[in-house]
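Enquirer: Dumping the structure here so I can ask a few things about it.
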Amino acid sequence: MIFFDSHAHLCDEAFDEDREEVIQKCFDSDVKFITEIGYSEETSKKAVELANKYETIFAVVGAHPDECNKDINLSYIRELAQNKKVVAIGEIGLDYHYDNLNKENQKKYFVEQIKIANELNLPISIHSRDADMDMLEILKQNKINAGFIMHCFSSSVEVAKEIIKLDGYISISGTVTFKNAKNVVEVVKIVPEDRLLIETDCPYLAPQAYRGKRNDPSYVIETAKKVAELREKTLEEIAEITMGNTMRIYKI
Ligand code: NI
């Protein structure tokens, strides 16, 4: 049984003391593949460096919506994407959660990064928070040629259905294991088998059994167990399904 954590932030300072040990712990468990996600120029560079060190770690580069409330230069994305371990552009999108946002800038840079991904024929890892309507509108107006993943999906079943219609993949994080999980539990049940991914988004969002602690890619198995229970499948089946889907969207 092999698992793929489709969305991790191992370059986060939370792992500065023991990054190599954590990665070894994951490889010693059944989590053999990881995608390291950048969200700024600095973290995108680090993601590529990490991916170059480990055969089964891949990198995603881009500018997160939190970065896009100010004016920024996206030229680093094209440069970094020349590296063959870069498998997608991300995490990019819209985040309307906090105050002092610049929604127009967020939308502008999101669309610009979709264009870069299309130019490079790469898929996109999307972050969307409190922005369902604008997100769906942009996705309907801007076709993403190589496909896209809605990372850490937290919207409603209705939004999930729209995403699936647009050929998107839905990635489930440890939030599905939380005692108060509602939407995401229903979403897991309706995602077509060939559209389902799992992730940790570590060091954030540790699953219920480790809640409040630092998350790491080995805990993606907790999410897989919950998904297996909800879909009435075995853990082996969920490992195989999500592994195949992650390899397909990232073209690994
Ligand atoms: Ni993330």
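The values are calculated or read from the model by the stated rules, or taken from the named source; none is laboratory data. This one's a predicted model, so the numbers in the text were calculated from it and none came from an experiment. Heads up, the Cβs are rebuilt from the backbone with ideal geometry, glycines too, and the neighbour counts pull from every protein chain shown. Only protein heavy atoms, including side chains, enter the accessible area calculation; ligands, DNA and RNA are left aside. Shrake-Rupley method; radii C 1.70, N 1.55, O 1.52, S 1.80 Å.
Enquirer: Report, by residue number, each residue of region 50-85 that is within 16 Å of the ligand (Cβ to nearest atom) and open to solvent by less than 40 Å² (accessible area, probe 1.4 Å).
Expert: Leu50, Ala51, Ile57, Phe58, Ala59, Val60, Val61, Gly62, Ala63, His64, Pro65, Cys68
Enquirer: Let me ask something else about it. Read through the list (1) surrounded by fewer than 16 Cβ atoms within 10 Å (Cβ to Cβ); (2) within 16 Å of the ligand (Cβ to nearest atom); (3) under 29 Å from Glu240 (Cβ atoms), then give the number of the only condition that Lys25 fails.
Expert: (2) is the only condition that Lys25 fails.
Enquirer: Which residue out of Lys46, Lys32, Lys103 is open to solvent by 30 Å² or more (accessible area, probe 1.4 Å) and closer than 22 Å to Ser171 by Cα?
Expert: Among Lys46, Lys32, Lys103, only Lys32 is open to solvent by 30 Å² or more (accessible area, probe 1.4 Å) and closer than 22 Å to Ser171 by Cα.
Enquirer: Where in region 14-101 are there helices (runs of 4 or more DSSP H), lying wholly inside it, with at least 3 residues that are closer than 21 Å to Ala117 by Cβ?
Expert: Numbers: elements: 19-28, 41-53, 75-80.
Filter on region 14-101 gives 41-53, 75-80.
Enquirer: Of everything in region 1-22 that's within 16 Å of the ligand (Cβ to nearest atom) and among the hydrophobic types (A, V, I, L, M, F, W, C), which residue is surrounded by the most Cβ atoms within 10 Å (Cβ to Cβ)?
Expert: Start the filter on region 1-22 by keeping residues that are within 16 Å of the ligand (Cβ to nearest atom), which leaves 4-15.
The next check asks that each one be among the hydrophobic types (A, V, I, L, M, F, W, C); those that pass are 4, 8, 10-11, 14-15.
Working: Phe4: 26, Ala8: 29, Leu10: 25, Cys11: 23, Ala14: 17, Phe15: 19.
Result: Ala8.
Enquirer: Between Asp167, Asp134, which is touching a strand residue (DSSP E or B) at 6+ places or on another chain (Cβ under 7 Å), more than 16 Å from the ligand (Cβ to nearest atom) and over 21 Å from Ile34 (Cα atoms)?
Expert: Matching residue, one of Asp167, Asp134: Asp134.
Enquirer: Continuing with the same structure: Is there a residue being basic (Lys, Arg) and either within 16 Å of the ligand (Cβ to nearest atom) or in contact with a Phe, Trp or Tyr (Cβ under 7 Å, 6 or more places away or on another chain) (or both) anywhere in region 35-49?
Expert: Yes: one or more hits.
Enquirer: Something else now. Looking only at region 164-187, which residues are over 20 Å from Ile238 (Cβ atoms) and in contact (Cβ under 8 Å) with a residue 12 or more places away in the chain?
Expert: Here is the first cut: in region 164-187, the ones over 20 Å from Ile238 (Cβ atoms) are 165-167, 179-180, 182.
The answer is Leu166, Asp167, Lys179.
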